[in-house]
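For reference, the structure discussed in these notes is given below.
The values are calculated or read from the model by the stated rules, or taken from the named source; none is laboratory data. Fair warning: this is a prediction, and the values are worked out from it, not measured in the lab. Because the Cβ atoms are built from the backbone with ideal geometry, glycine has one as well, and the counts that use them run over all protein chains shown.
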Amino acid sequence: MNRRISRRTFIGAAGVGVIGATAWTIGDHVMTHASTPVSDNLRAVVHGRVSLPGDPGFETASRAWSTAVTQRVRAVVELADADDAAALVRYARRTGLSLSVQPNGHGAGDDLEGVILVRTNKLDEVRVDPAARTARVGAGVAWGRVLAAAGPHGLTGLAGSSAVINVTGFSLGGGLSWFGRKHGWAADSVTAFDIVDADGHLGRITAGSDPDLFWALRGGGGDFALVTAVEFDLHPAPAVFGGTMVWPETAAPAVLTAFRDVTADSPDELTVWFQRFQPPGSPDTVTSVLVAYLGDETSGRALLSRFDSIPGRLEDTRRMVAIADLGEIASEPTDPSPEMFASELLTGIDDHTAETLLQPIAPMLVTEIRHLGGAFAKPSDSAAGQVTAPYCLLAVGMVSTPEAKAAFETRRQQYRDALRPVLVDRAPFTFLTAGDTAARAFTPATLTRLRAIKHGRDPHTVIRANYPVLA
């Protein structure tokens, strides 16, 4: 077929959004200062653009990526540079307000009332050092720019499934990459953060300069400092074979069986995801397998040969993929939409689980099983930690009305009830969603340590995370 069968193709500009956009958006209720006014004096504090309620363009400036989320913020500040960030933090501390950092609005919560929303898009530095295999990026940079800069040198960062996701937010939330089975969380590769602390002081945080804060920032979320830049290791990627195979719904049982077989003993260089997608307004569901392999085409096809025996394939886009084109594997929409997603960790896929996963997905739009294991299951010295569950189940729905949201939540609970025997009561921080708390992402010991760091570094909650550790 010449036309891609993908979520982007079917949904276009009204797309479902991006699965797994990291939760750097800062928001859930810890403390509010609803009576504190924000006046035009804020414009005298920073050089970047300030938008206040009633200003032309304020509604656009304050909009979340998911148009189903309404953000009732006091102001929106577009930082001009790191000095702006420091001045803004000092202003918030002095006036008793809280800041919510949000590059593009991915992972936004709906409890931002009374906060100052901070945009970091102007912090757009990108520096790649091929010899040292490192990168340095500003807090507003998306993964696509890093991949374009690193790819020609045979290197890659640990980007996720979409090139439009912000690097810093993704890393603060852990960051589940195509290459995470080989190299771990994106957070594990971070070597330094440039930050503004809750007192408004600029600083550079490394494992040697501040071990506790460095640990917390790598996967503990954006609750501990306002990050203005991040430095991280790049990884060799001289060859990447990847793409998507698509079948009609009738092939779904065979495809899922092959997925179970392939992922049972696949090398860490191979990542395979199983997806079912029901386009809006269509009664039909298509079944897909998405793959990325750090290796050559011959080896990649041999590892995936189990899928070649399944008849009726509608499309096969597998090929050697340039690092800059990594986002084309999942081909996720790149425009805002009224999305809602949810995630669960699974200890395995037995026959009962497979039967549940093959049931009709409506009113959900997408269900996807991501293979974890590999480096994710190994001990990590970051807050993202170790995840021994081998699979992560994601579900996405369009929730443009209250009724659609209720239907999505009902269907999610039905999945949870049916999958209870293999369900783990945890989810990666980067996949937390409405109704979740940070406690769901961390072990009790990790959560206790994160809370102690938050209490010590930001007792007045000047900086607020979307899933705050104190909630």
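Does the stretch 445-471 hold any residues that are over 19 Å from VAL89 (Cβ atoms) and either among the small types (Gly, Ala, Ser) or at pLDDT 95 or above (or both), and which are they? Across the stretch 445-471, the qualifying residues are ALA445, THR446, LEU447, THR448, ARG449, LEU450, ARG451, ALA452, ALA471. Within the stretch 297-313, the set of residues being over 29 Å from the mean Cα position of the chain (by Cα) and not in a helix (DSSP H, G or I) comprises SER309, ILE310, PRO311, GLY312, ARG313.
Within the stretch 51-81, being at pLDDT 95 or above and of a type in the set (A, V, I, L, M, F, W, C) holds for VAL77, LEU79, ALA80. For the stretch 340-378, the set of residues classified as outside any strand (DSSP E or B) and under 21 Å from the mean Cα position of the chain (by Cα) consists of MET364, LEU365, LEU372, GLY373, GLY374, ALA375, PHE376, ALA377, LYS378, listed by residue number. Restricting the stretch 372-408 to residues that are over 30 Å from GLY208 (Cβ atoms) and of a type in the set (D, E, K, R), the residue that is modelled with the highest pLDDT is GLU403. Looking across the stretch 370-408, just one residue is out of contact with any Pro (no Cβ under 9 Å at 6 or more places or on another chain), surrounded by 23 or more Cβ atoms within 10 Å (Cβ to Cβ) and either farther than 13 Å from PRO428 by Cβ or in the same structural domain as LEU158 (by TED's automatic domain parsing) (or both), and that is VAL396.
The C-beta contact set for the stretch 70-86 (first residue farther than 30 Å from SER400 by Cα, second residue of a type in the set (A, V, I, L, M) and in a helix (DSSP H, G or I), distance under 6 angstrom, 6+ apart or interchain) comprises LEU79/ALA85. Residues in the stretch 254-301 that are of a type in the set (D, E, K, R) and under 23 Å from ALA354 (Cβ atoms): ARG260, ASP261, ASP265, ARG276, ASP284.
Scanning the stretch 427-461 for residues that are touching a residue at least 24 places away in the same chain (Cβ under 8 Å) and of a type in the set (Val, Ile, Thr) gives THR430, THR433, THR437, THR443, THR446, ILE453, THR461. Residues of the stretch 110-169 that are of a type in the set (A, V, I, L, M), in a helix (DSSP H, G or I) and touching a residue at least 60 places away in the same chain (Cβ under 8 Å): LEU147, ALA148, ALA150, VAL167. When you check VAL424 against the structure, is it touching a residue at least 24 places away in the same chain (Cβ under 8 Å), farther than 21 Å from GLN278 by Cα, surrounded by fewer than 18 Cβ atoms within 10 Å (Cβ to Cβ) and under 21 Å from the mean Cα position of the chain (by Cα), yes or no? Yes: the conditions hold for VAL424. When ALA44, ALA82 are checked against the criterion of being hydrophobic (A, V, I, L, M, F, W, C), out of contact with any Leu (no Cβ under 8 Å at 6 or more places or on another chain) and over 22 Å from PRO336 (Cα atoms), ALA44 stands alone in meeting it. Taking the criterion of being assigned to a loop (DSSP other than H, G, I, E, B), of a type in the set (Ser, Thr, Tyr) and under 25 Å from LEU393 (Cα atoms), the residues of the stretch 433-466 that qualify are THR433, THR437, THR443.
Residue by residue, here is whether (1) farther than 18 Å from PRO236 by Cβ; (2) among the basic types (Lys, Arg); (3) out of contact with any Phe, Trp or Tyr (no Cβ under 9 Å at 6 or more places or on another chain); (4) at pLDDT 95 or above holds:
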position: GLY174; (1), (2), (3), (4): yes, no, no, yes
position: ALA186; (1), (2), (3), (4): no, no, no, yes
position: ALA192; (1), (2), (3), (4): yes, no, no, yes
position: ILE205; (1), (2), (3), (4): yes, no, no, yes
position: ASP210; (1), (2), (3), (4): yes, no, yes, yes
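A count restricted to the stretch 395-414 and to residues that are part of a helix (DSSP H, G or I) and in contact with a Ser or Thr (Cβ under 7 Å, 6 or more places away or on another chain) stands at 0. Is it the case that SER100 is touching a residue at least 60 places away in the same chain (Cβ under 8 Å), crowded, with 24+ Cβ neighbours inside 10 Å, among the small types (Gly, Ala, Ser) and in a strand (DSSP E or B)? Yes: the conditions hold for SER100.
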